[in-house]
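> Sharing a structure below in C-alpha cells format, with a few things to ask.
The values are calculated or read from the model by the stated rules, or taken from the named source; none is laboratory data. Given the structure is predicted, the values throughout are model-derived calculations rather than measurements. In this analysis, Cβ positions are derived from the backbone assuming ideal geometry, glycine residues included, and neighbour counts consider all displayed protein chains. The accessibility values were calculated without ligands, DNA or RNA, using every heavy atom of the protein model including side chains. Shrake-Rupley method; radii C 1.70, N 1.55, O 1.52, S 1.80 Å.
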Amino acid sequence: MAATFFHQPAAGLYGLGIDVPSFGSSRIFGKLLSTRLFFNSSHHKLHLVLASISHDSSIESTLILIRHGESMWNEKNLFTGCCDVPLTSRGVEEAIVAGKRISYIPVDLIFTSGLIRAKMTAMLAMTQHHENKVPIIVHDESEQATLWSGVYSEKTTKQSIPVITTWQLNERMYGDLQGLNKKETAEKYGKEQVHEWRRSYDISPPNGESLEMCSRRAVAYFKDFIEPQLKSGKHVMVAAHANSLRSIIMYLDRLTSQEVTSLELSTGIPLLYIYKEGKFSSRGSPVGPTEAGVYAYTQNLAIYRQQLDEMSH
Amino acid sequence: MAAEVCHHAIGALQSHSYLSNLNQHQNLRSNSLRLVTKDFSCSNGLSMGRSSHFGQRNCIVTRSSATHSQTSVVDPVLSPSRSNTSDTTKKSNEAALILIRHGESLWNEKNLFTGCVDVPLSSKGIDEAIEAGKRISSIPVDLIFTSALIRAQMTAMLAMTQHRRKKVPIVMHNESEQAKAWSQVFSEDTKKQSIPVIAAWQLNERMYGELQGLNKQETADRYGKEQVHEWRRSYDIPPPNGESLEMCAERAVAYFRDQIEPQLLTGKNVMIAAHGNSLRSIIMYLDKLTSQEVISLELSTGIPMLYIFKEGRFIRRGSPIGPTEAGVYAYTKRLALYKQKLDEMF
C-alpha cells in the first residue's frame, strides 16, 4: 500500500504544505515552464537562452541519504531485517554525528522507513541542524490520526519539515533468519548457503526477500514519491537501511547487480547527491575520510551555508 | 486476527464504560479498594455491567502471545523459587509499573501548543530520556507501552539503552498482515531476551484542537487570555475541536484498564512512556484523585515514577517531584533482590 501523505486542508486547517504531483504531471509542468521563458520577447535572444539556462540551473535540489547506526541486534550479532529494534547508545551517537555533518545542508522533506531505528536516526540528526525547522511526522493511518495531528498556524507550518514514514524503505526482510545469530544460522543451514543469501543479488532466504526484491519496492517508491519532490526543487533527506539505500544508490549511480552486492555503506556518514536537470551527481563517497571529501558543495549550498551563519549572528 | 477484532470491541466499550465508572469512583472512595479474588472477572473491582470480561482476557492473552512466545516468560533474574508459572491467576504477585513523561520537545522549546502533533525531542529531551533510563536501570521491565507519538517512543528507546538487564525492546507491528508477518522473530532465545513495545494512540497527549501549532501570544490574541487559561486549567472544557482533560482521561484510563492492568495482574513488569495529560489521567486512576486534584498535579519530565501493583492495589513508590534517588524509589524486597542479581551478573 503506497503511503498517501497529501493533506487535504479542512477549513481553517493548514496542511503541511506538501504537494505530490504525480510523476506524469511534473514533467509537463517542467516543459511549460521552459516554453514560457522561450517566448518572452522583451529579452535579447542570447539573454533569453542564458535566462532559461540560469533558471534551470537554479532548480537544483539536494538529496541526503543516511544509513542508521548500530542497533541492539547489531551489537548482539543477530540478523535483524524487518524486526523493529532500536539503536544502541553508540547508534544514537552516530546519528548525532551524522546530523552535525549535514547541519548546513537544506532539508525540506524527510522520508524514513517504518522502523524505529531509522526514524530515530533522522530525528536525532535533525537536532543538530542549523536552520531550526522542526520535523513533524505525518500521520495518515486513519481519519482520526490525520485530524488529530492538524497544525493551525501558517507560520508554524512554514517552519516545519514533514516526515513521511513508509515500509517500502524498510530493511530487506530476512524471513526465517530474523532473530538468529550467525552461528545458529550456519549450524541450521550450512555456511555456504548463508553466504549465498547474504551476498547474492537474487537469492532470498526462506520466506524472505532477495536484494532484488528489496530493490524493486524501494526504487519504485523512490521514483514514484521521492524523485518528483526533488524535481519540484525540494531538498530531501532519506533515513533508511543498508539494503534499501544500496538499492536506491544502484538506481542513482546506475550500478550493475554485481557492483551493488559489493557496495558497502558506512553508518553515520551521510551521502550527498545533487539532483539537477533530471540527473543525480554523487557528491560524497560512501567511505569519505574528511569532510571535504564527503561534501563537495555546489555554489547554492555554499550560499545557503553562508546565510545560516549570518542568521545566527 | 481474532485479537484485532477483540481489540476493536474493547475500543467500542471503552468510552462508554469509563465515564460511568468514574462517577461511581468519586462517590464510593471508601469502597473502591478491593482485593483481587481468584475469580479473574472481578479483577479491577470497579467494572460493573461490562460484558464478556473473560472474553477480553482471552483476547489480551492471544494478542500478547502472538507477539511473545508464551504468556509467562520465566526471567532467570526475576523468577522466584516457587515456579508455578502456569498459574495465570497469581494472587500475591507483585509487579512494577514505571511511568515516564517525555522530556523537552522541539515545540516545547519554541513555546508552541503541541497536543497530538508529532514533533520530536530536542537535545535536552534526549538527555532527559537517557537520565531517566539511568534511574530505572535496575528495575525489571517485561513490557513497554508508548503513545503513537515519536517523542514518547524515543524516550522509551533512549531510556532502555541504559538498562542493565540488556534485553532488547522490539516494537510490535499490527497495522497490517504484512507488517505483522515481516516483523516475526524466529529464535526462541532471542524472543526470551526481548521486551515487546506496544504503541497506542490512546496514550497520546491530550488533543489540543485548533490551538495546535499556536504560541501563547497568538492564542491569547485570538481567543483572549481568560479563555485560554480556562482551557488549559479546567477539567472538562475542551479547546475548539480538541479534547478536555476529562476526554483525554476517558480514553487513556480505559486503555490502561483494558490492556495494561491485566498484564500487571499476570505479574508482568510494565513501563509506560507517554505525556503530561495521559499520564496524569492514569495517575488519577491509580491514586484515586479528584478532578480538582488532578488539575493541579504537575509531572516532572525525566523523573520516572514507580508504582508497585500488588493484590489489585497500586502503591506509589516515588513522588512526581522526587529530590533524591532514595526518595524516588522505595524499593520493595523483590526489587532489591533483582538489583542485587544484576550487580552479581555484571
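> If we keep just the residues of region B:131-170 that are assigned to a loop (DSSP other than H, G, I, E, B) and among the charged types (D, E, K, R), which is most open to solvent (accessible area, probe 1.4 Å)?
Only one residue fits best here, namely B:Lys166.
> Checking the conditions here, which among B:Asp236, B:Asp189, B:Asp258 is of a type outside the set (A, V, I, L, M, F, W, C) and either assigned to a strand (DSSP E or B) or closer than 26 Å to A:Gly150 by Cα (or both)?
Within the list B:Asp236, B:Asp189, B:Asp258, the selection yields B:Asp236.
> While we're looking at this one, here's another question. Being within 7 Å of chain A (Cβ to nearest Cβ) and polar (S, T, N, Q) is the filter here, so list the residues in region B:154-175 that pass it.
Within region B:154-175, B:Thr161 is the sole residue that qualifies.
> Let me ask something else. For the subset of region A:238-268 comprising residues that are in a loop (DSSP other than H, G, I, E, B) and aliphatic (A, V, I, L, M), which member is nearest to A:Gly114 (Cα to Cα)?
A:Leu265
> Residue check: is B:Trp182 within 12 Å of another protein chain (Cβ to nearest Cβ) and within 22 Å of the chain's Cα centre (by Cα)?
no
> Is it true that A:Ser142 is out of contact with any Ser or Thr (no Cβ under 8 Å at 6 or more places or on another chain) and either more than 7 Å from chain B (Cβ to nearest Cβ) or within 29 Å of B:Lys216 (Cβ to Cβ) (or both)?
Criteria met by A:Ser142.
> For region A:205-214, does any single residue satisfy the condition of being under 22 Å from A:Ala122 (Cβ atoms) and not in a loop (DSSP other than H, G, I, E, B)?
Yes, the conditions are met somewhere in region A:205-214.
> Still on this model: I need every pair where a residue in region B:124-147 that is within 11 Å of chain A (Cβ to nearest Cβ) has its Cβ under 7 Å from the Cβ of a residue that is part of a strand (DSSP E or B) and open to solvent by 30 Å² or more (accessible area, probe 1.4 Å), sequence separation at least 6 or different chains.
Within 7 Å, the pairs are B:Thr146/B:Ala199.
> Could you pull out the residue among A:Ser210, A:Ser200, A:Ser244 that is modelled with pLDDT of 95 or more and over 16 Å from the mean Cα position of the chain (by Cα)?
Going through A:Ser210, A:Ser200, A:Ser244 in turn, the sole match is A:Ser210.
> So, A:Ile203, is that one farther than 24 Å from A:Glu93 by Cβ, open to solvent by less than 10 Å² (accessible area, probe 1.4 Å) and of a type in the set (A, V, I, L, M) or not?
Criteria not met by A:Ile203.
> Among residues belonging to region A:155-195 that are open to solvent by 80 Å² or more (accessible area, probe 1.4 Å) and among the acidic types (Asp, Glu), point out the one that is nearest to the other protein chains (Cβ to nearest Cβ).
The residue in question is A:Glu187.
> In this structure, is B:Gln227 polar (S, T, N, Q), more than 10 Å from chain A (Cβ to nearest Cβ) and open to solvent by 50 Å² or more (accessible area, probe 1.4 Å)?
Here the answer is yes, as B:Gln227 does meet what is asked.
> Counting only residues that are within 24 Å of the chain's Cα centre (by Cα) and facing chain A (nearest Cβ under 7 Å), how many does region B:202-224 have?
The qualifying residues number 2.
> Let me ask something additional. Looking for something at pLDDT 90 or above, open to solvent by less than 10 Å² (accessible area, probe 1.4 Å) and assigned to a helix (DSSP H, G or I) - is there at least one such residue anywhere in region B:307-317?
no
> From the list B:Ser122, B:Ser187, exactly one residue is modelled with pLDDT of 95 or more, of a type in the set (Gly, Ala, Ser) and either under 16 Å from B:Val270 (Cα atoms) or open to solvent by less than 50 Å² (accessible area, probe 1.4 Å) (or both). Which is it?
Residue meeting the stated conditions: B:Ser122.
> What residue, among those in region A:69-102 that are open to solvent by less than 10 Å² (accessible area, probe 1.4 Å) and under 16 Å from A:Gln178 (Cβ atoms), is farthest from the chain's Cα centre (by Cα)?
Among residues in region A:69-102 that are open to solvent by less than 10 Å² (accessible area, probe 1.4 Å) and under 16 Å from A:Gln178 (Cβ atoms), the one farthest from the chain's Cα centre (by Cα) is A:Trp73.
> Need the failing condition index for A:Trp148 against (1) facing chain B (nearest Cβ under 7 Å); (2) within 20 Å of the chain's Cα centre (by Cα); (3) surrounded by 23 or more Cβ atoms within 10 Å (Cβ to Cβ), just the number.
A:Trp148 satisfies every listed condition except (2).
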